[in-house]
1. Just the residues that are open to solvent by less than 80 Å² (accessible area, probe 1.4 Å) and touching a residue at least 12 places away in the same chain (Cβ under 8 Å), please, taken from the stretch 211-226.
2. For residues that are more than 9 Å from the ligand (Cβ to nearest atom) and outside any helix (DSSP H, G or I), scanning just the stretch 198-210, find the one that is most open to solvent (accessible area, probe 1.4 Å).
3. Does residue 331 satisfy the criteria of being away from the ligand (no atom under 14 Å from the Cβ) and under 30 Å from residue 8 (Cα atoms)?
4. What tally of residues in the stretch 265-313 results from selecting those that are touching a Phe, Trp or Tyr at 6+ places or on another chain (Cβ under 7 Å) and more than 16 Å from the ligand (Cβ to nearest atom)?
5. When you go through (1) within 16 Å of residue 395 (Cα to Cα); (2) within 13 Å of the ligand (Cβ to nearest atom) one by one for residue 24, which number turns out not to apply?
6. Which of the residues that make up the stretch 347-376 are within 16 Å of the ligand (Cβ to nearest atom) and farther than 12 Å from residue 321 by Cα?
7. Picking from 45, 20, which residue would you name as being on the phi < 0 side of the Ramachandran plot and assigned by TED's automatic domain parsing to the domain that holds residue 385?
8. Would you please name the residue that is least open to solvent (accessible area, probe 1.4 Å), looking only at residues in the stretch 148-181 that are away from the ligand (no atom under 16 Å from the Cβ) and at pLDDT below 85?
Amino acid sequence: MNHFNYKDDHLFCEEVSIADIAATVGTPFYLYSTATLTTHFKAFDNAFSQPHITCFATKSCSNIAVLRLFASLGGGADIVSGGELFRAQKAGIDPKRIVFSGVGKSADELRSALSAGILFFNVESYQELNRLQSVAADMGVTAPVSFRVNPDVDPKTHAYISTGLAKNKFGIPIKDAFDIYKTANEMEHVEVLGISCHIGSQLTEISPFIESLRKLKVFLAKLEEAGIPLSYLDLGGGLGIQYNDEEPPHPEKYAEAIKKEMHDLNCTLILEPGRVIVGNAGILVAKVLYTKVGGKKFIIVDAAMNDLARPSLYGAHHAIQAIDRSRGENEIADLVGPICETGDFLSKEKEIPAFEQDELVAIMSAGAYGFTMSSNYNSRPRVPEILVSGSDFHIIRERETHDDLIKGEKIPEFLQ
Ligand code: LLP
């Protein structure tokens with residue numbers, strides 16, 4: 001369920017006309033609905049009845065206003081960098097609800113997260129464990145640790161966003177993980193608290209999650225026998241959403257399946273959902289600059305692959321809608337941006353509304369991995385982010401200026 005609906009053929013976000021927002025802030029812009037974000041967060045979080053923390057995957061939509069909203073709903077954060085830690089702290093997320101994932105945390109990042117007092121680190125290698133132990137020893141503290149294991153399970157999703165196969169760079173192969181637990185358990189500045197796994201993103205079936213959970217359970221029993229009981233089980237994120245005709249399971253079904261498997265485990269569950277909460281809570285709004293007919297029909301809009309990389313990067317589908325659909329005609333065309341690359345498209349060879357010059361376009365399901373993956377390629381300022389709440393809208397990130405583009409750049413003396 002989301003709050004992007006037509007009223008008399010005009011697309012609204014909650015109670016606000018999107019054309020009115022465009023008239024005020026210009027195009028392109030990202031637009032999020034507070035009501036949808038809230039509904040999705042609660043639908044996910046309330047689906048779990050056992051002790052758990054929903055640690056929102058910051059990388060999917062990291063604006064501090066969005067993070068603050070989830071903090072106010074009791075959410076935590078899954079972070080993967082010092083930058084995301086900074087955001088989570090700025091948003092007021094309780095550090096005891098923050099977990100730190102990622103294969104390559106630097107010593108500085110480890111230090112910042114230790115000072116912040118996060119819940120735990122999802123450690124992914126021996127070298128990372130040793131570095132964490134030495135940073136913690138320097139600081140005179142104990143590092144809370146969970147190991148991310150790689151269960152070698154096929155998540156059946158796009159190859160670029162599969163993470164739980166043996167050939168992927170993530171985690172410690174589950175068959176080798178016992179030794180690292182034993183080593184860590186003896187370390188003076190490390191406290192072993194949990195186990196984690198994240199097998200991929202945009203999963204549309206429950207079975208790969210359950211297959212990994214079963215592997216984790218066997219491993220947990222072995223650890224317990226060896227006198228290393230764990231308090232946390234982190235199942236990562238990955239639940240998919242509907243972009244087109246996918247039929248991903250509802251969070252309730254996902255939670256139910258997990259609960260059934262976990263009934264004999266005495267661990268607090270950590271979840272790291274991103275897309276399932278924000279994906280359909282945000283859209284990208286653009287304006288048609290020109291239309292032209294070459295070898296095929298092209299609709300050239302003012303948003304591009306630097307604003308939304310998913311179509312170019314993964315061939316991802318995002319539904320294209322007219323903000324004013326009163327004309328109601330469709331045609332097969334490519335919706336493309338101004339960037340000088342053939343790969344710069346937002347929709348390719350699909351039936352979309354027959355747009356005319358200066359019309360507004362909604363690129364749907366862009367709330368996850370939309371703004372956060374945007375760049376300044378072709379020296380295009382990044383677009384603003386707008387948050388609607390009821391009948392109000394708020395600019396939660398300003399449009400970048402040309403000065404922002406060259407911030408920090410310098411012409412050295414020899415070129416002056
Ligand atoms: N936890 C970890 C350790 C992760 O690496 C990720 C996503 C998540 C949680 C959240 O997964 P989600 O619930 O959102 O599926 N840019 C790609 C997706 C990359 C996902 C990376 N990791 C895309 O646009 O489809």
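The values are calculated or read from the model by the stated rules, or taken from the named source; none is laboratory data. Just so you know, these numbers come straight off a predicted model, no measurement behind them. Methodologically, a virtual Cβ is constructed for each residue, glycine included, from the backbone with ideal geometry; neighbour enumeration extends over all protein chains shown. Quick note on the areas: whole protein, heavy atoms, side chains included, nothing else; ligands and nucleic acids left out. Shrake-Rupley method; radii C 1.70, N 1.55, O 1.52, S 1.80 Å.
1. Across the stretch 211-226, the qualifying residues are 212, 213, 215, 216, 217, 219, 220, 223, 226.
2. Here the residue is 205.
3. Judged against the criteria, residue 331 is a match.
4. 8
5. It fails just one condition, (2).
6. Selection gives 366, 367, 368, 369, 370, 371, 372, 373, 374, 375.
7. It is 20.
8. Across the stretch 148-181, the extreme among qualifying residues is 166.
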